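Structure record follows, encoded as structure tokens.
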Amino acid sequence: DTGVSQNPRHKITKRGQNVTFRCDPISEHNRLYWYRQTLGQGPEFLTYFQNEAQLEKSRLLSDRFSAERPKGSFSTLEIQRTEQGDSAMYLCASTLGASGNYEQYFGPGTRLTVT
Amino acid sequence: GENVEQHPSTLSVQEGDSAVIKCTYSDSASNYFPWYKQELGKRPQLIIDIRSNVGEKKDQRIAVTLNKTAKHFSLHITETQPEDSAVYFCASPTGGGNKLTFGTGTQLKVEL
């Protein structure tokens, strides 16, 4: 499968626990995005990477959230001290990132449930 | 920042009829407008997109039109089929990283 992959697909955790999600983008894509989607809403931007550099973070990304892309390939999103309001689908997308190339392709998402 | 409004929120059509979903955007610098289809529990799937240098793009039964002056773009689905039933999102990129701002979605139901 050469598309964007995410793991795990589902995560149930208790409030206060830490969780980490992984995203593997399409191999030649150098730009990677994280979005969050709640029921009945469109995806909302969280952060993005150009290669290994994190270039923008949304105000939605509180200090409990951290994302990395250490080698410019896969990325991880960690949420510390989870809260019930963090329950959502976390989507990763990637794009070639070259000038004039805008198409973003999404992974299947990680559905987080905080109990 | 960019604001994208999408209408209607729900749309029910009979199989074989056409469906039209409309979006407006606020950032006049926006130059790329994708449409995504999302089935229940699945990833958003890019189905068609348009750049600002054209007014219309068609791919089989789906088409997108763009009016830059009015800052709105629309998705047209002809000869609808039950498998077209899904939530459709429009989006517009903003900022140097082209992050997408999504509309609120349209739940399309194609009835037999």
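Two-decimal Rg/Rh of the stretch B:61-108 from alpha-carbon positions, Kirkwood Rh? If you can, show how the numbers build up before the last one.
Values: Rg = 12.9 Å, Rh = 12.5 Å.
Looking at the stretch B:61-108, the ratio lands at 1.03.
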Task: Most mobile listed residue (A:Gly85, A:Gly72, A:Gly97) in chain A, GNM with C-alpha springs under 10 Å - done: A:Gly85
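Within the stretch B:1-102, which GluC sites (Glu not before Pro) sit in a loop by DSSP and count at most 15 neighbouring Cβ atoms inside 10 Å?
Numbers: sites: B:Glu2, B:Glu5, B:Glu15, B:Glu39, B:Glu56, B:Glu79, B:Glu83; in loops: B:Glu2, B:Glu15, B:Glu39, B:Glu79.
Those satisfying the criteria are B:Glu15, B:Glu39, B:Glu79.
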Task: Cα convex hull volume per residue for the stretch B:1-74 (Å³) - done: 116
Task: Distant-in-sequence amide H partners of B:Ala91 (H built 1.01 Å from N, under 5 Å) - done: B:Gly103
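Where nothing but the Cβ of Lys and Arg (+1) and of Asp and Glu (-1) is charged, how large is the charge dipole of the stretch B:13-103 around its Cα centre, in debye to the nearest 20? Intermediate values should be presented prior to the final figure.
On the way: 11 positive and 10 negative charges, 91 e Å.
Rounded to the nearest 20 debye, it is 440 debye.
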TODO: Just the Kirkwood number for the protein assembly as shown, please: inverse of mean 1/r across all distinct Cα pairs, in Å, one decimal.
DONE: 18.1
Open item on the list: Taking θ = phi - 60°, what integer Hz values does the Karplus form 6.51 cos²θ - 1.76 cosθ + 1.60 yield along the stretch A:47-55, in sequence order, with x for Gly and Pro?
Closed with: 6, 8, 10, 10, 6, 8, 8, 7, 9
- [ ] Quick one: what are the phi-derived ³J(HN,Hα) couplings along the stretch B:82-89, Karplus 6.51/-1.76/1.60 with θ = phi - 60°, whole Hz, x for glycine and proline?
- [x] x, 6, 7, 5, 4, 9, 10, 10
- [ ] Determine, at each q value in 0.13, 0.14, 0.23, 0.24 (inverse angstroms), the log₁₀ of I(q)/I(0) that the Debye formula gives when each Cα of chain A is one equal point scatterer.
- [x] -0.45, -0.52, -1.36, -1.46
- [ ] Mind telling me which of A:Ile79, A:Ile26, A:Ile12 comes out most flexible in a GNM of chain A, alpha-carbon contacts under 10 Å?
- [x] A:Ile12
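Only sites in a loop by DSSP and with at most 15 other Cβ atoms within 10 Å count here; which trypsin sites (Lys or Arg not before Pro) in the stretch A:36-115 make the cut? Write out the running numbers ahead of the final one.
Values: sites: A:Arg36, A:Lys57, A:Arg59, A:Arg64, A:Lys71, A:Arg81, A:Arg111; in loops: A:Arg59, A:Arg64, A:Lys71, A:Arg81.
Within the stretch A:36-115, the qualifying trypsin sites (Lys or Arg not before Pro) (loop, at most 15 other Cβ atoms within 10 Å) are A:Arg59, A:Arg64, A:Lys71, A:Arg81.
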Task: Residue-wise HN-Hα coupling along the stretch B:22-39, computed from phi with Karplus coefficients 6.51, -1.76, 1.60 (Hz; x: Gly, Pro) - done: 10, 9, 10, 10, 10, 7, 5, 7, 4, 9, 8, 9, x, 10, 10, 10, 10, 7
Open item on the list: Give the separation of the Cα centroids, the stretch A:43-115 to the stretch B:44-112, in Å.
Closed with: 23
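What size of dipole, in debye to the nearest 20, comes out for the protein assembly as shown about its Cα centre when the only charges are +1 on Lys and Arg C-beta atoms and -1 on Asp and Glu C-beta atoms? Let's see the in-between values first.
Working: 26 positive and 25 negative charges, 129 e Å.
Dipole magnitude for the protein assembly as shown comes out near 620 debye.
Coordinate-derived values only; no laboratory data. Everything numeric here is computed off the predicted structure, so don't read it as measured data. Reconstructed Cβ throughout: ideal geometry from the backbone, glycine too, with neighbour counts over all protein chains shown.
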